Structure formats: structure tokens, C-alpha cells
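Here's the structure, in C-alpha cells; my notes come after.
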Amino acid sequence: MATYVTRRLIQTIGLLFLLSILLFGMVNLAPGGPLAGQGQSRHIAPEKAAILKRQFGLDKPLPVQYVIWLTGNDWMKVDTNGDGVPDGIGTRKGILRGDFGFSFRTRQPVLNEINLRFPNTIYLMSITFIIALALAIPIGILSATRQYSIFDIIATTFSFAGQALPEFWLGLIMILVFYAWLKNPFTGAPLLPSGGMSSADSFVLSDRISHLILPVATGALGWIAWYSRFLRSSLLEILPLDYLRTARAKGLPQRLVLYRHALSNAMIPLVTLIALDLPYIFMGAVFIETIFAWPGMGRLYYQAAIDRDYPLLLAVLIIGAAFIILSNLIADVLYAFLDPRVRYE
Amino acid sequence: MTNQDSNIPLNIDVRGDPEYRQKTAEALDPGNILLKRFRRHPGAMIGMIVLSILIVASLFAFLSHYPVDQSDMSNRLQSPSITHIMGTDALGRDMLTRVLYGGRISLSVGLIVVGIALAIGVPIGALAGYYGGQLDTTLMRLTDVFLSLPAFLVVILLGAIISEGTFPFLKGNSVWTISFVIGILSWMTFARLVRAAFLTIRELDYVTAARSLGSSDLRIIVKHVLPNSIGPIIVEATLEMGYAIVQESGLSFLGFGIQPPTPSWGNLLSNAQENFTKYPWLAIFPGIMIFLSIISVNYIGDGLRDAFDPYKVLETVGEYT
């Protein structure tokens, strides 16, 4: 097991290295390099643009730029005033030492921007996800234990529909119904706010919760559909197995057979799936946060894409990729840990 | 499970009766079995009907009295009525016409993406699975790299880059460029599926027989192994079309996909966003279209999966004989 994890960790590092080359290459696909969009939007004169290019080190060949991006330039001479003559020592530390550079738009360190927004996304998405699981697991169990009952038929139909509902449309419909159409019967104000994290300056719990309802409902629906369907089918595979019949024959109450013996086995693939899905739950934040004006990572990424803020985009992509690789690793290890039948060499 | 030579009934007493022989041959025909199983899946049949209606309506969108892209300021922002079934937008354009033309874009992006993903994924999976060894390791590492990308975020990045300027062979945000961007991030499942199928099939005796008869590798891959791994590929291709439609509309919704005035379901929704609480029909109808096409495609995929399930195929054969 330990050797397996070590080998996977080494593979992970190799994978991240390849990914960084790929992503770096993609960002530099932009015609005229990453600064091209900046020049257009801010009407920078060509001479000024050339100076900027030299200051950012964008005049160097791509492989050199990549190495600088990775390891920084504080070990080499750079052209600080952009006149074409190297005249100073660089200040960048490179992403290997946690320096993702400066945002084109705000001129702030990229990591600062991300640190400001990240907690808000974690806050929204973890609540969304916990609620999704809290609803999906009972629905899945009820569907499987009462297969082909009215409840099961309704639940499976809804889960099919839930998976086909795009978040960006569902979000608009939610705002339409709960903000524009339904009103608070006492005050006549919209029933629920249409966006933002809070409207009160200080912390008011009811205000925070009312701002959470729509984005959480929009984000959770698809996941409820997905996990309840998954748990239903994995329970249905397990329920007819012999060991459960034995447990029942030994006089174990149905409740114990279901919750202790069947569910614990059905949960193994579910737990693995959850580990695999975690990064995608955060990616869903792009739509949710854009629609509900939620100041998180998703909206930061969207804004960065509009501004062609390549250092910021690249940082989010690399972090996202690392997150995906890590969750794959965790899923594999969890699976081996939870299921005694799986053994890795 | 599909029988290579379906004219020879296995384990069946033929008794020399030509009619019986004909019937069993029909019963064992893989195509017939598939169709029969598929028809029994109500969701898949309804999905088929709805998707066909959407495709036909989009194809015949030119029959509409209203031009797709000509403003008519005297008729702007009308709510749905007999003359404008889905109302009109801020420039007085008929929404039904635009939604149908948008369907052309969105559905063709779905098809092209699947085509691109198949064209990349199937050869990669086939080469990796058939030859194994070093080639397999290299190709699967490449697949892993692509699988580790936060795909939709990369699609947003590429959409943003492409809308910036002109590339040698990709011009602006057209149907082809958007499909290309989504397609190069969608082939990995196909590569893995095909590889897995090839790994088992290449060991079978009939492949060895073909090889010993002097068939070239290419011939064995294309004529002998690929046809027997077609089931999961078709199922996955169907589902992939659904993802592609969601991704295109999501991308266009964010403004990095198909650019107005060319309508797509995504950018119609995006246009509606400004004032949709006052003019809800602008947001409701394009979304219903996305929803209908995806749920139909998912149900069709579900039906195909059941139809290709080897155990269920045997059941169907059993009913006949």
C-alpha cells in the first residue's frame, strides 16, 4: 500500500509537469502573446507595448519563458526598464515557490486575488454539497428498497430531468420565480434576494441564509439527481446477493441488514465517486457565481477570462488540475482502503 | 456476444424447415435484436421522437415567415401570442425563428464534437489496446494528462483566446472552432473505452486466426476488432452529444462561444439575462430547448445501453427460440 501510494505520488508529479507545459502552451496560443489583448483594450502605443513585453519577459523564446514561469528569474539578469539591455536581477520566484505572478488587471499578486475569493467558494459549495448528499442518500435508499414503487418512478424521472437541467438556465428560472414573481406576503419585497452573499453590513444569520437558498438549490439539484441514481443502482446490485439473504436468514432485522450490511458496501463506490467529483463541484461555481453575483473563484475566473488576465487564468487552471489529480489519487487510495477485496501492489 | 455469422443457428434444432430456419436467422440477427430491445425502452422511444422533432424543426427553420436576423422595432419585446409563439426579443425578432436557427447551431455543435472526439479517441484507444507495451503507456499517459485538465475551464480559456484573433485555420467563434475547442477535450473517454475493449478482444481466437491467415494489423483492427467493440462506443457517443450541447450553450451563455447575431441556445439565454425578469419568455424557451435535447439524448443513451447489454441480448434470443 505504501509503495503504491509513493509510486502514484511520483506519477502525479510527472503528470503535473506535463500539464503545466500543456497549459502554458495553450495560454501562449493567443495571437501576439498574452499581452495582445491588453494592448487592444487599453490602446497602448506599439513602443510602449514593446517595453512592457520586455519588462514582462515576453520577448524571450517560449521555452525560456516557461522555465522562468516555473522557477522564477531571481537567479538571472533581467531588463527591468524595458530598454533592451539587461540591467537588474529579477524578482519573480516562479510557481514552484508559490509565486503565480501578478494579475494584469489589478496588478496584485495572483495568489492574493485567489485567497480573497477562495473561502467564499468553499462556503457556498460545501453547503451545496452537504445538502445534496443529505437529500440524495435517503432518496437513493428509498428508491432501491422500493423499486418500481410510485416513489421510485417519480424519483428516477426527476433524477433524469435533474441531470438534463443546465445550471445556468435553472439559476435564471429560480431568480424569475423566487425574486420576480413570488413576494414576501408581509413586506411585498421579493421573497428571496437574487444575488450577492449578504445585504446587511453586519452578520445577520437569516440574511445570510436567504442569500444562500437560491444558489445552493441551483447547484445541488444536479448532484442530488446524480448521486441518488448512482446509489439506487449500486444498492440494487447488492440487495439480491447471498450474504444478505444469509443475514436475513439468521434473523437479523431488515433495518440492520439494510443499513449495516447492504449500505456499507453500496457506499464504497459512492465515496470513491464523491472524491472524484469534488473538483467538478467547484467548477460548477463558474455558472452559479456568475448568475448569483457571488464573489468567489468561479466569478473570478469568468472575469479573468473577459479581461484576458492570463496569469490569473493560468494559476486557477494549474490549481484546478492539481486538485483533480489529487482527488483521483485520494479516490484510488480510499477505494483500496474501504474495500478489502482490492489490493494494490 | 454478437454472432459473426448469424445464418448458422447455434444449439437450435433446425429440423430442416425453411420457414423456421428463416425465423431463427432473423431472431439471431444482431441488428434485429438491438432494434427490438431498443423499441422496448419507452424513455428511449420518446427521446427519439422528441429529438427527431427538434432536428426536423431546426432543419426547416427557413420556412418561418420571419427573418432570423432583421430587427423590427415596432414589434419589440412582445409576449408570446398566436403571431409570435415564443414572443419577440429586444430588437423585435421572432423568438421561435431564432430558437429554431439556434437549434441548428447547438445540435450541429453536438454532432461535430462527437465526430471530432471519435476521430481522436478511437485511433488512440485502438493503437494503445492493440499494440500495448511502450506505445500503450505513452498514449495512456497523454490521455491521463487531458483527463486531469479542468475541462470546462480550459474550454472557457480557449473560447476567450479564439474570440481574440484569427488563427491559421480557425476563424473567430464559428460552429467549427467552438466544436474543435470542445472536441479536443472530449475524446478521452472514447480512448479508454476502445483500449479496454481491444485489450480483451485482441486475445480471442478469431483474431489469432485472422492474423495467422496473413491479415494486416490495420485490417484486423478495422474489420475484426473494432466492429465488436462498437456497443459501448455508440452509447458513449450519444451521451457525449448531450455534454457537448451543454458545454456549447454554457460557453455561449458566458459570451465565449457562438457570437450574436448568429443565434445559439446559449447566447439567446445570455441575451435574455439582462431583462429576463420583465420578459421571461426570452429566457424560458431557449432553456426548454436545451433541456429537451439533453434529456432526449440521455434517454436514448440509456436505451442503447440496455439494448447493447449482452445478458439482455441473450434473453431476447431466448424468447424467440
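The values are calculated or read from the model by the stated rules, or taken from the named source; none is laboratory data. Model, not experiment: these values are computed from the prediction. Cβ atoms come from the backbone with ideal geometry, glycine included; neighbour counts cover every protein chain shown.
So here's what we get for this one:
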item	result
Residue check for residue A:74: in contact with a strand residue (DSSP E or B) (Cβ under 8 Å, 6 or more places away or on another chain), surrounded by 13 or more Cβ atoms within 10 Å (Cβ to Cβ), modelled with pLDDT of 70 or more and more than 11 Å from chain B (Cβ to nearest Cβ)	yes
Region A:163-181 residues that are within 7 Å of another protein chain (Cβ to nearest Cβ), paired with ones that are β-branched (Val, Ile, Thr) and part of a helix (DSSP H, G or I) (beta carbon under 6 Å, 6 or more apart)	A:164/B:294; A:164/B:295; A:166/B:246; A:166/B:290
Index of the failed condition, residue A:57 passing every other in (1) of a type outside the set (S, T, N, Q); (2) farther than 20 Å from residue A:26 by Cβ; (3) surrounded by 12 or more Cβ atoms within 10 Å (Cβ to Cβ); (4) touching a strand residue (DSSP E or B) at 6+ places or on another chain (Cβ under 9 Å)	(2)
Residue in region B:86-99 that is hydroxyl-bearing (Ser, Thr, Tyr) and at pLDDT 90 or above present	no
Boolean, residue A:248 is at pLDDT below 90 and under 21 Å from residue A:182 (Cα atoms)	no
Given (1) outside any loop (DSSP other than H, G, I, E, B); (2) at pLDDT below 90; (3) within 24 Å of residue B:293 (Cβ to Cβ); (4) of a type outside the set (Phe, Trp, Tyr), index of the condition residue B:74 fails	(3)
Residue check, residue A:240 more than 28 Å from residue B:273 (Cβ to Cβ) and outside any helix (DSSP H, G or I)	yes
Selection status of residue A:221, within 14 Å of chain B (Cβ to nearest Cβ) and not basic (Lys, Arg)	yes
Residue A:213 surrounded by 19 or more Cβ atoms within 10 Å (Cβ to Cβ), within 22 Å of residue A:291 (Cβ to Cβ) and more than 14 Å from chain B (Cβ to nearest Cβ)	no
Output for region B:270-284, where each listed residue is under 15 Å from residue A:177 (Cα atoms) and either at the interface with chain A (Cβ under 10 Å from one of its Cβ atoms) or not in a loop (DSSP other than H, G, I, E, B) (or both)	B:273, B:275, B:276, B:277, B:278, B:280, B:281, B:282, B:283, B:284
Yes/no for residue B:44 being in a helix (DSSP H, G or I), exposed (fewer than 15 other Cβ atoms within 10 Å of the Cβ) and at pLDDT 80 or above	no
Criterion violated by residue B:128 - all others in (1) modelled with pLDDT of 90 or more; (2) over 19 Å from the mean Cα position of the chain (by Cα); (3) surrounded by fewer than 17 Cβ atoms within 10 Å (Cβ to Cβ) satisfied	(3)
Residues of region B:240-287 that turn out to be more than 30 Å from residue B:120 (Cα to Cα), touching a residue at least 60 places away in the same chain (Cβ under 8 Å) and of a type in the set (Phe, Trp, Tyr), as a count	3
All positions within region A:256-311 that are within 16 Å of the chain's Cα centre (by Cα) and aromatic (Phe, Trp, Tyr)	A:280, A:282, A:287, A:294, A:301, A:302
Evaluation of residue B:20 against (1) without any contact (Cβ under 8 Å) to a residue 40 or more places away in the chain; (2) surrounded by 18 or more Cβ atoms within 10 Å (Cβ to Cβ); (3) farther than 22 Å from residue B:284 by Cα (one fails), failing number	(2)
Candidates B:129, B:125, B:115 - the one that is farther than 15 Å from residue B:282 by Cα and in contact with a Leu (Cβ under 6 Å, 6 or more places away or on another chain)	B:129
Looking only at region B:217-255, and only at residues there that are polar (S, T, N, Q) and at pLDDT below 90, the one that is farthest from the chain's Cα centre (by Cα)	B:228
Some residue of region B:286-295 being buried (at least 19 other Cβ atoms within 10 Å of the Cβ), over 17 Å from the mean Cα position of the chain (by Cα) and modelled with pLDDT of 90 or more	yes
Residue under evaluation residue A:34, criteria (1) outside any helix (DSSP H, G or I); (2) at pLDDT 75 or above; (3) not small (Gly, Ala, Ser), criterion not met	(2)
Any helices (runs of 4 or more DSSP H) falling wholly within region A:245-345 and containing at least 1 residues that are aliphatic (A, V, I, L, M), within 12 Å of chain B (Cβ to nearest Cβ) and surrounded by fewer than 18 Cβ atoms within 10 Å (Cβ to Cβ)	A:263-283, A:297-307, A:310-338
Search result, residues across region A:88-129 that are crowded, with 16+ Cβ neighbours inside 10 Å, in a helix (DSSP H, G or I) and not hydroxyl-bearing (Ser, Thr, Tyr)	A:95, A:110, A:111, A:113, A:114, A:117, A:118, A:120, A:124, A:125, A:127, A:129
Total residues in region A:130-162, condition surrounded by fewer than 16 Cβ atoms within 10 Å (Cβ to Cβ), of a type in the set (Val, Ile, Thr) and either in contact with a strand residue (DSSP E or B) (Cβ under 9 Å, 6 or more places away or on another chain) or at the interface with chain B (Cβ under 10 Å from one of its Cβ atoms) (or both)	1
The one condition in (1) over 25 Å from the mean Cα position of the chain (by Cα); (2) at pLDDT below 85 that residue A:101 fails to fulfil	(1)
